[in-house]
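Some notes on the structure that comes next.
Any read-out appearing in this document is the output of simple, stated calculations on the displayed coordinates, not a laboratory observation. All figures in this text were calculated on a predicted structure; none of them were measured in a lab. All Cβ positions, glycine included, derive from the backbone under ideal geometry; neighbour counts span all protein chains shown.
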Amino acid sequence: MASLIDLELDELRPVNDLVEARFGKRLSPATLWRWTHKGITVGGQRIRLEAYRVSGVWCTTPPALAAFVRAQTAAALGDGPNDDDGPGERSDATSRRLANEGLL
């Protein structure tokens, strides 16, 4: 995967500052470590936040954080790169189950 961060041009900001501004809460140290080191696994995909350690603080850019969130969402919804169905398409079995539940 190509890097989303250009260390010479991009302004790095502390991950916790970006998360707090965007989602209203700070990450625990364990979550921050996991996101930057191991990543998370969703739908069989491992997703890691691209970040750099600067003076003991993990930093990233808003676009890198947005890509991390988008990748989690796509993996959770099964909209990964190997998904053959386009948006809005569902299998016959899924349509039948939804109709049986009164959702279609």
- Got the relative contact order for the chain handy, in percent, Cα pairs under 8 Å and 6 or more residues apart? 24 percent
- Message: Taking the beta-carbon count within 10 Å as an exposure proxy, list Glu8, Glu101, Glu50 from fewest neighbours to most.
- Response: Glu8, Glu101, Glu50
- For the chain, with the dipole built from +1 on Lys and Arg beta-carbon atoms and -1 on Asp and Glu ones, taken about the Cα centre, which of Ser28, Leu65, Leu7 lies farthest toward the positive end? Ser28
- Relative to the longest principal axis of the chain, what angle (0 to 90°, nearest 10) does the C-alpha long axis of helix 62-77 take? 30 degrees
- Of the listed values [x] 13.8; [y] 15.9; [z] 14.4, grab the one calculated as Kirkwood radius over Cα pairs in Å from the structure here. [y]
- Choose one answer from Gly39, Gly78, Gly56: the residue with the largest mean-square fluctuation in a GNM of the chain with alpha-carbon springs under 10 Å. Gly56
- Note on the structure: Fewest-first ordering of Thr31, Thr61, Thr36, Thr73 by Cβ atoms within 10 Å yields Thr73, Thr31, Thr36, Thr61
- Once you've got the GNM for the chain with C-alpha springs shorter than 10 Å, pick whichever of Pro62, Pro29, Pro14 has the biggest mean-square fluctuation. Pro29
- Roughly how many nanometres apart are two label points built 7 Å out from the Cα toward the Cβ at Gln45 and Lys25? 2.4 nm
- Quick calc: nm separation of the 7 Å Cα→Cβ label points for Arg53 and Thr73 -> 3.1 nm
- Of Ser28, Ser55, Ser91, the one that fluctuates the most in a GNM where the chain has Cα springs shorter than 10 Å: Ser91
